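> Right, I'll just put the structure down here and ask away after.
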Amino acid sequence: MSEYSKDYTMDEMLTVLMAREVRNDDVMIVGVATPCVWAAFTLAKVTHAPDAIFHYIMGNTYVFEPRQVSLLYLEMNTARAYKFQNSGECTLESLPSDTLTTIEWFRPAQIDMYGNTNNICIGEWKNPKIRFPGCAGIADFSMFYSRGSFLYTPRHDRKTFVPKVDFISGVGFPDGKPSICGGSGPQCVITNLAYLTFDNETKRMKIGTIHPGIDLETVKKSTGFELIIPKDLKETKPPTEKEIKLLRGKVDPLEIRKLEVLGGKEREELLNQVIEKELAMEKRFPNLLL
Amino acid sequence: MDSKLMSLEEAISSYVQNGDLIGIGGLSFWRKPICACREIIRQEKKDLSICTFVGGIDVDMLVGGGCVSEIRASFVGMEVFGMAPHYRKGVESGEIRISEESEASIALGLKCSYLKVPFMPLKGIIGTDFPKVRDDIKQFEDPLGSGTQLMAMPKIDLDVAIVHVNDADEFGNGNIEGAVWLDDDMAKTAKKTIIISEKLVETEDIIRLPRRAQIPMQTTAAVVKVPFGAHPTSCFPNYTFDPIHIQTYLKTDFEEYKRKYILNKTHSQYLEEVGGVQTILNVLL
């Protein structure tokens, strides 16, 4: 293990922690508009999980090789597949399987203490204050994974962590019990403040570790329900220098992952920068990372 | 054998009726038949139900154009560019209805259509709030006695499917080089299928392509040739999506957008308006 980095940003912390959850035998779903997830899987693949397989929703493909994260040319990554499927096959075959697809990250707009999630709307469904894009496959997959489902959000606040979600579109532990569909349920929630897990007995959310520089009060204050707090509270292990070097240098040098974290003008500037740099590329195949 | 080749105008006016349930192929920003969406807006079609696996600018544009009364999609958004503004406004104001869908609900709905069964069982969705907003789905116990709880997901019978492909012959065989998504299921189960193709080839050429025809001619009603017809979405491996035009779309008032890019525009005039040769060079892979 190389030295821990002393110079990392929040998006890098999130991405590295997500990468560390991947196992060498995983089949990793890369969804739509989730560059953090893509960067995390690619980082895992070039560090501790060389045999892991990408399952791209945008291509409905199984892909073995890791390539640099890209905005405009992502189909170049997905089309180099050893297997193509259509969405029907892909969704229906992978749904109950323990081998075709094993790990997926969901980013909820709202989450409750049992890991039930909402990506549908704020307010009443019939008359919503905010309509979100929708939950895509979360309603199908969240209750099935034998590895469980994995959650993340760069917005650890009381708008996200709520006592009751406005619409359950992803199943956690309904009423504190495992889903009758047989999956292992949510395993962790990685946020900008902490690494959260679920208590074995009560299935309630508890603090696993708190990120360096964050205090317990901040985490409690930012959560809209009571978290279980372990007696010996530990600090999250930050990214290593090696992880940061790979992430910045190889996996995602254009910092596309940051689009998930930034807002407003900063975000727009980064987006324009990424577009400009990618349009200027002569070679439109993202770099192979082997 | 009769040729099914026709103009985009003729295909949409012949096969798309007000009130139809229309399946749109592609996913998100990828291989969407956007030229057909513009034609639907030009022809002022009304009261359409739009079904697509993952929607983006296609759905948003049709909602903005006032053509839509209902959306059936597992997701409608503009990806890293943000939310789909007209879709969001339409739902929040109650102007359009939603049939809340997941990925499997659409995939299974189309499978029902092949099999002519009213529903397919799904061991998912259970535990979500979907049953509260979908009175056409129902949880039930396995009638064969295993005790398993299941969700009945209803059939989706499309009136029309519109898909964008790389290659097609004039008889309606269509070949997709990249991901197929639900395009083949839509094309094969819809009552009428319109294929928009980048390129028109001989049947002989389709036979020689590695994955041949995912879309068979016997279910195709119309073939339309429109190079760059998926713009501003992608058509792999010909071109990627046009991020600059997507940003323009999001920044432009829809009435102005319609005047500038949709109404009274031929396809070549449209390509000129969106940036002409430079735009084409930008997106070519």
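> For the range B:211-262, give me the residue count where each residue is assigned to a strand (DSSP E or B) and of a type in the set (V, I, T).
3
> What residue, among those in the range B:213-258 that are open to solvent by 50 Å² or more (accessible area, probe 1.4 Å) and of a type in the set (D, E), is nearest to the other protein chains (Cβ to nearest Cβ)?
B:D253
> Just the residues that are more than 13 Å from chain A (Cβ to nearest Cβ), surrounded by 24 or more Cβ atoms within 10 Å (Cβ to Cβ) and within 18 Å of B:E198 (Cα to Cα), please, taken from the range B:143-174.
Those that are more than 13 Å from chain A (Cβ to nearest Cβ), surrounded by 24 or more Cβ atoms within 10 Å (Cβ to Cβ) and within 18 Å of B:E198 (Cα to Cα): B:A161, B:I162, B:H164, B:V165, B:A168, B:D169, B:G172, B:N173, B:G174.
> Which members of the range A:229-248 meet the condition of being aliphatic (A, V, I, L, M) and either under 15 Å from A:A39 (Cβ atoms) or assigned to a helix (DSSP H, G or I) (or both)?
Across the range A:229-248, the qualifying residues are A:I244, A:L246, A:L247.
> Is it the case that B:S3 is surrounded by fewer than 21 Cβ atoms within 10 Å (Cβ to Cβ) and not assigned by TED's automatic domain parsing to the domain that holds B:I196? Full working, then the answer.
Values: surrounded by fewer than 21 Cβ atoms within 10 Å (Cβ to Cβ): yes; not assigned by TED's automatic domain parsing to the domain that holds B:I196: yes.
Against the criterion (surrounded by fewer than 21 Cβ atoms within 10 Å (Cβ to Cβ) and not assigned by TED's automatic domain parsing to the domain that holds B:I196), B:S3 qualifies.
> Specify the residue that is nearest to A:N272 (Cα to Cα); the eligible residues are those in the range B:70-85 that are among the charged types (D, E, K, R) and touching a strand residue (DSSP E or B) at 6+ places or on another chain (Cβ under 6 Å). Give the steps one after another, and end with the answer.
Step one: filter the range B:70-85 for residues among the charged types (D, E, K, R), giving B:70, B:72, B:79.
With touching a strand residue (DSSP E or B) at 6+ places or on another chain (Cβ under 6 Å) added as a condition, the list becomes B:70, B:72.
Details: B:E70: 34, B:R72: 32 Å.
Taking the candidates together, the pick is B:R72.
> Further, regarding this structure: So for the range A:212-234 (the condition being open to solvent by 100 Å² or more (accessible area, probe 1.4 Å) and closer than 14 Å to A:A19 by Cα), does at least one residue qualify?
No, that holds for no residue.
> Can you pull out the residues in the range A:73-96 that are part of a loop (DSSP other than H, G, I, E, B) and within 12 Å of another protein chain (Cβ to nearest Cβ)? Don't jump to the end; show me each part of the working.
Here is the first cut: in the range A:73-96, the residues part of a loop (DSSP other than H, G, I, E, B) are A:73, A:80-82, A:85, A:95-96.
Correct list: A:Y73, A:R80, A:A81, A:Q85, A:L95, A:P96.
> Taking the stated definitions as given, is A:K203 at positive phi, within 14 Å of chain B (Cβ to nearest Cβ) and either in contact (Cβ under 8 Å) with a residue 12 or more places away in the chain or part of a helix (DSSP H, G or I) (or both)? Before you say what the answer is, go through the steps one by one.
On the way: at positive phi: yes; within 14 Å of chain B (Cβ to nearest Cβ): yes; either in contact (Cβ under 8 Å) with a residue 12 or more places away in the chain or part of a helix (DSSP H, G or I) (or both): yes.
Yes: the conditions hold for A:K203.
> Please indicate, with yes or no, whether at least one residue in the range B:188-202 is within 14 Å of chain A (Cβ to nearest Cβ), closer than 19 Å to B:F53 by Cβ and in contact with a Pro (Cβ under 8 Å, 6 or more places away or on another chain). First the steps, then the outcome.
Here is the first cut: in the range B:188-202, the residues within 14 Å of chain A (Cβ to nearest Cβ) are B:188-189.
Of the ones still in play, those that are also closer than 19 Å to B:F53 by Cβ are B:188-189.
Then keep just the ones that are in contact with a Pro (Cβ under 8 Å, 6 or more places away or on another chain); that gives B:188.
Yes, the range B:188-202 contains at least one residue that is within 14 Å of chain A (Cβ to nearest Cβ), closer than 19 Å to B:F53 by Cβ and in contact with a Pro (Cβ under 8 Å, 6 or more places away or on another chain).
> Can you name the residue in the range B:132-142 that is part of a strand (DSSP E or B) and more than 22 Å from A:N116 (Cα to Cα) and is also nearest to the other protein chains (Cβ to nearest Cβ) among such residues?
Step one: of the range B:132-142, the residues part of a strand (DSSP E or B) are B:138-141.
Subset that is more than 22 Å from A:N116 (Cα to Cα): B:140-141.
On the way: B:F140: 13, B:E141: 11 Å.
Once the filter is applied, the top-ranked residue is B:E141.
> Okay, next question. Being without any contact (Cβ under 8 Å) to a residue 12 or more places away in the chain and either open to solvent by 10 Å² or more (accessible area, probe 1.4 Å) or under 23 Å from B:H164 (Cβ atoms) (or both) is true for just one of B:V68, B:V80, B:V63, B:V54. Which residue is that?
None of the other options fit; the residue is B:V80.
> Restricting the search to the range B:259-282, which residues are open to solvent by 40 Å² or more (accessible area, probe 1.4 Å), touching a helix residue (DSSP H, G or I) at 6+ places or on another chain (Cβ under 9 Å) and hydroxyl-bearing (S, T, Y)?
Within the range B:259-282, none qualify.
> Ok, one more. Are any residues in the range A:111-170 outside any strand (DSSP E or B), at the interface with chain B (Cβ under 9 Å from one of its Cβ atoms) and polar (S, T, N, Q), and if so, which ones?
The answer is A:N116, A:N119, A:N127, A:S142, A:S169.
The values are calculated or read from the model by the stated rules, or taken from the named source; none is laboratory data. If you're wondering where the values come from, they're calculated on a predicted model, not measured in any experiment. Don't worry about glycine lacking a Cβ; one is built from the backbone with ideal geometry, like all the others, and counts go over all protein chains shown. Note: areas computed on protein heavy atoms with side chains; ligands, DNA, RNA excluded. Shrake-Rupley method; radii C 1.70, N 1.55, O 1.52, S 1.80 Å.
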